[in-house]
Amino acid sequence: MSSPGTLARSPDSPGRRAWMAFRQHRPARLAAWFLGAAIVIALLGPMLSPYAPEAFAGGQFEAPSWRHWFGTDVHGRDVFTRVLYGGRLSLAVGLVGATLSLGIGVLWGAIAGYAGGRVDSVMMRAVDVLYAMPTLVFVIVVVTALNGLLAKWETAGAPVSPTFARVAGLLLGIGAVSWLTMARIVRGEVLSLRTRPFVEASRALGASDTHILVRHILPNLAGVVIVYLALTVPAVVLYESFLSYLGLGIQPPAASLGTLIAEGAAQINPLRIYWWLIVFPAGSLALALLALNVVGDGLRDALDPRAGR
Amino acid sequence: MRYVLRRLAFMVPILIGISFAAFALIRLAPGGPFDRERQVPPEIERQLNARYHLDQPLWRQYWIYLGGLVRGDLGPSMRYRNHAVNDIIAAGLPVSLTIGGLAFCFALGTGVPLGFYAAIRKGQLTDQLGSLVAITAICVPTFVAGPILVMVFGVKLRWFPVALWDSAWHTVLPVLTLGIYFAGRVARLMREGMLNTLHAGFIVTARAKGLSENAVFWRHGFRLGVLPVLSYSGPLLADLLTGSFVVENLFQIPGIGVFMVNSSLNRDYPMVVGLVLLYAVLLLVLNLAVDLLYAVLDPRVRHE
């Protein structure tokens, strides 16, 4: 936690204290800088690379060189450009998917925990049943069902671009499975929060349930939610890449890091090794996950009151 | 004993709930099991639907399915004609069990010591290196580890065969591919658990009694420090034993992980529900085993 010096200097709130602690977590600070840089690079992607991601920029399977930093793939596309675009898509999906799972999980858990009694047990049994399902089967069904629905809309004349529809289906599918743990954690917190004196005081003053939930319960959840959100982002990035690797997510010619790894894995053969097709996308994914996880660890150390070790 | 019986009895309604959820869910998905084949005349399609009871209302289909389930029959596969789901699972399960079991041993065998030594040397070089290895491992999912391992050890160095399922040599790469990620997860849980335990009052007491550091760490610390790993082991083992699509696909191994994905994609209804049930049974039984072991390790836990 923060050193006595900083404590003495600033009249601090818990949030400020956590921020100080986070800034003093050296690996997390490094990782946060790295992530920031990665996001900037991903956003600037089109300006950094002279090639379009789907353009045939060179010969087939060119090894990395000054012209093509990460080499070229089976169609002569520039792998560096494709990693840039793929990384951008993966990060975006990770952030949006994690936010989605946050929304569902917090709502579900807060309502169950606050309502208590029968509502609580029904809601949490539903979570238990979903937990006992293999997530993969669940995601596949949700994603294909949503894709079918979107396809129907498209034929009905709604202006939906296929890539956008794909991403939307993928996001909803991931969101639908990744909120379970969040719901459990939030419910546990709410159960303990709602018996605290300040909540009882507010109720005694005649506050409505909505008021108590919004003004007292949700703000007190912030710490635990932020920590878990930070750990959900890498999990969602991982899931997106995994589904794309299986061919269920982003479809060619668009690419996420997962599709790129799958394309590279498909080119493994005993005669020639096109290592750059695997090493660069896989390495980028691993580095991004590493940075996200380290930042998550740092946030947890900073925000978790029990983590003062 | 009564506790175990009650838990076992409790599994029945949960399993029924899960089977129904899976049954309903897979049918909500668009398309059917006979879609991809060439167009068949309507009367044949009608016959097919009648044979697999697809013409009946949903609740009746489920009732028929439950009837079979009670007798231990998971029904016929709708994709692989003339094969029962039971037979397909019986053929693939031993392979998936072998790989999954070995990967589990690998994950615990490397993750537990790594986390343990990192924790008891907190802040030292061992800890920093160990934590770095662990966090790197959780950034290497199977579909990243697999292709790289194949490329380096299979194709380039030719130490291990890259595919098929023949000898003990064939298990090395798949098990590593599957195990690395989970070894990282286990190591992190172990370190965390040990650190939390070493702050407890009874550790101070043990030290005050003059016990050697080794006795403190092993006899008192480890027992409780390993608990987070233990509770993670239930779901982990259920996951690993039911096979991994990536590993089985990449190494062309005839397990059931491939069916898990393909049958969902092909809308092979009985196959999906059968596999979901298999996973659920494994998960529930393993979680029960975990809870029992918990009571053995932590004297404060009592099952009533």
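The values are calculated or read from the model by the stated rules, or taken from the named source; none is laboratory data. What you are looking at is a predicted structure, and each value in this text was computed from that prediction instead of being measured. When we count neighbours, we look across all protein chains shown, and the Cβ atoms used for this are built from the backbone with ideal geometry, even at glycine. With ligands, DNA and RNA removed, areas are computed over all heavy atoms of the protein, side chains included. Shrake-Rupley method; radii C 1.70, N 1.55, O 1.52, S 1.80 Å.
Looking only at residues in the range B:286-304 that are farther than 21 Å from B:D239 by Cα and among the acidic types (D, E), the one that is surrounded by the fewest Cβ atoms within 10 Å (Cβ to Cβ) is B:E304.
Looking at the structure I just gave you, is B:R188 modelled with pLDDT of 85 or more and basic (K, R)? So B:R188 passes the test.
If you check A:A156 against the conditions, is it within 23 Å of the chain's Cα centre (by Cα) and small (G, A, S)? Criteria not met by A:A156. Screening the candidates A:L172, A:L193, A:L150 for the property of being within 14 Å of chain B (Cβ to nearest Cβ) and touching a residue at least 24 places away in the same chain (Cβ under 8 Å) yields one hit, A:L172. With respect to the stated conditions, B:T136 fails to be among the β-branched types (V, I, T), in a helix (DSSP H, G or I) and either in contact with a strand residue (DSSP E or B) (Cβ under 8 Å, 6 or more places away or on another chain) or away from chain A (no Cβ under 13 Å) (or both). Look at A:R67 and say whether it is open to solvent by 60 Å² or more (accessible area, probe 1.4 Å) and at pLDDT 80 or above. Criteria not met by A:R67.
Does B:F160 count as buried (at least 23 other Cβ atoms within 10 Å of the Cβ), of a type outside the set (S, T, Y) and within 14 Å of chain A (Cβ to nearest Cβ)? So B:F160 does not fit the description; no. Among B:F202, B:F182, which is the only one that is more than 12 Å from every other protein chain (Cβ to nearest Cβ) and within 29 Å of A:V237 (Cα to Cα)? Step by step, each of B:F202, B:F182 is checked, and only B:F182 is more than 12 Å from every other protein chain (Cβ to nearest Cβ) and within 29 Å of A:V237 (Cα to Cα). For A:G103, the criteria (1) surrounded by fewer than 17 Cβ atoms within 10 Å (Cβ to Cβ); (2) not in a helix (DSSP H, G or I) hold in every case but one, which is (2). Residues that are more than 14 Å from A:A286 (Cβ to Cβ) and in contact (Cβ under 8 Å) with a residue 24 or more places away in the chain within the range B:135-155 comprise just one, B:V150. Restricting attention to the range A:138-153, the residues that are of a type outside the set (A, V, I, L, M) and crowded, with 19+ Cβ neighbours inside 10 Å total 3.
Among the criteria (1) out of contact with any Gly (no Cβ under 9 Å at 6 or more places or on another chain); (2) buried (at least 20 other Cβ atoms within 10 Å of the Cβ); (3) under 13 Å from B:L297 (Cα atoms), the one B:I180 does not fulfil is (3).
Scanning the range A:117-124 for any residue that is closer than 30 Å to A:R194 by Cβ, of a type in the set (S, T, Y), assigned to a helix (DSSP H, G or I) and out of contact with any Lys or Arg (no Cβ under 6 Å at 6 or more places or on another chain) turns up at least one such residue.
Matching residues to (1) within 13 Å of chain A (Cβ to nearest Cβ); (2) out of contact with any Lys or Arg (no Cβ under 8 Å at 6 or more places or on another chain):
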{"site": "B:Q124", "(1), (2)": "no, yes"}
{"site": "B:G130", "(1), (2)": "no, no"}
{"site": "B:V144", "(1), (2)": "yes, yes"}
{"site": "B:P174", "(1), (2)": "no, yes"}
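In the range B:241-248, is there at least one residue being assigned to a loop (DSSP other than H, G, I, E, B) and modelled with pLDDT under 80? Checked the range B:241-248: no residue is assigned to a loop (DSSP other than H, G, I, E, B) and modelled with pLDDT under 80.
Checking the stated criteria, B:V152 turns out not to satisfy the condition of being within 20 Å of B:V229 (Cα to Cα), open to solvent by 10 Å² or more (accessible area, probe 1.4 Å) and β-branched (V, I, T).
This table checks each residue for (1) within 14 Å of another protein chain (Cβ to nearest Cβ); (2) within 30 Å of B:F160 (Cα to Cα); (3) surrounded by 23 or more Cβ atoms within 10 Å (Cβ to Cβ).
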residue: B:A215; (1), (2), (3): no, no, no
residue: B:T242; (1), (2), (3): yes, yes, yes
residue: B:Q252; (1), (2), (3): yes, yes, no
residue: B:V258; (1), (2), (3): yes, yes, no
residue: B:V273; (1), (2), (3): yes, no, yes
residue: B:V281; (1), (2), (3): yes, no, no
residue: B:L284; (1), (2), (3): yes, no, no
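Conditions tested, residue by residue: (1) in the same structural domain as B:A238 (by TED's automatic domain parsing); (2) modelled with pLDDT under 80.
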position: B:P41; (1), (2): no, yes
position: B:R46; (1), (2): no, yes
position: B:N49; (1), (2): no, yes
position: B:Q56; (1), (2): no, yes
position: B:R60; (1), (2): no, yes
position: B:W63; (1), (2): no, no
position: B:N82; (1), (2): no, yes
position: B:A91; (1), (2): yes, no
position: B:T98; (1), (2): yes, no
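Do you know which residues across the range A:167-179 are out of contact with any Phe, Trp or Tyr (no Cβ under 6 Å at 6 or more places or on another chain) and open to solvent by less than 10 Å² (accessible area, probe 1.4 Å)? Once the filter is applied, which keeps residues that are out of contact with any Phe, Trp or Tyr (no Cβ under 6 Å at 6 or more places or on another chain) and open to solvent by less than 10 Å² (accessible area, probe 1.4 Å), the range A:167-179 yields A:G169, A:L170, A:G173, A:G175. Does the range A:115-128 contain at least one residue that is more than 8 Å from chain B (Cβ to nearest Cβ) and closer than 30 Å to B:V246 by Cα? Yes: the range A:115-128 contains one or more residues that are more than 8 Å from chain B (Cβ to nearest Cβ) and closer than 30 Å to B:V246 by Cα. Test B:A103 against the stated conditions and say whether it is within 14 Å of chain A (Cβ to nearest Cβ), part of a helix (DSSP H, G or I) and in contact (Cβ under 8 Å) with a residue 40 or more places away in the chain. Criteria not met by B:A103.
Residue selection: A:R166 fails the criterion of being within 25 Å of A:V96 (Cβ to Cβ), basic (K, R), within 14 Å of chain B (Cβ to nearest Cβ) and in a helix (DSSP H, G or I). Considering only residues in the range A:236-283 that are more than 10 Å from chain B (Cβ to nearest Cβ) and open to solvent by 30 Å² or more (accessible area, probe 1.4 Å), the one that is modelled with the highest pLDDT turns out to be A:F280. Residues in the range A:15-26: is at least one more than 30 Å from A:L238 (Cβ to Cβ), modelled with pLDDT under 70 and not hydroxyl-bearing (S, T, Y)? No: zero hits.
No other residue among B:A118, B:A107 is more than 27 Å from B:L282 (Cα to Cα), at pLDDT 85 or above and of a type in the set (A, V, I, L, M) apart from B:A118.
Looking across B:G146, B:G123, one residue alone is at pLDDT below 85 and under 20 Å from the mean Cα position of the chain (by Cα). It is B:G146. Going through (1) modelled with pLDDT under 80; (2) open to solvent by less than 100 Å² (accessible area, probe 1.4 Å) one by one, A:F34 falls short only on (1).
Only one entry of A:L149, A:L102 meets the criterion of being within 24 Å of the chain's Cα centre (by Cα) and at negative phi, and that entry is A:L102.
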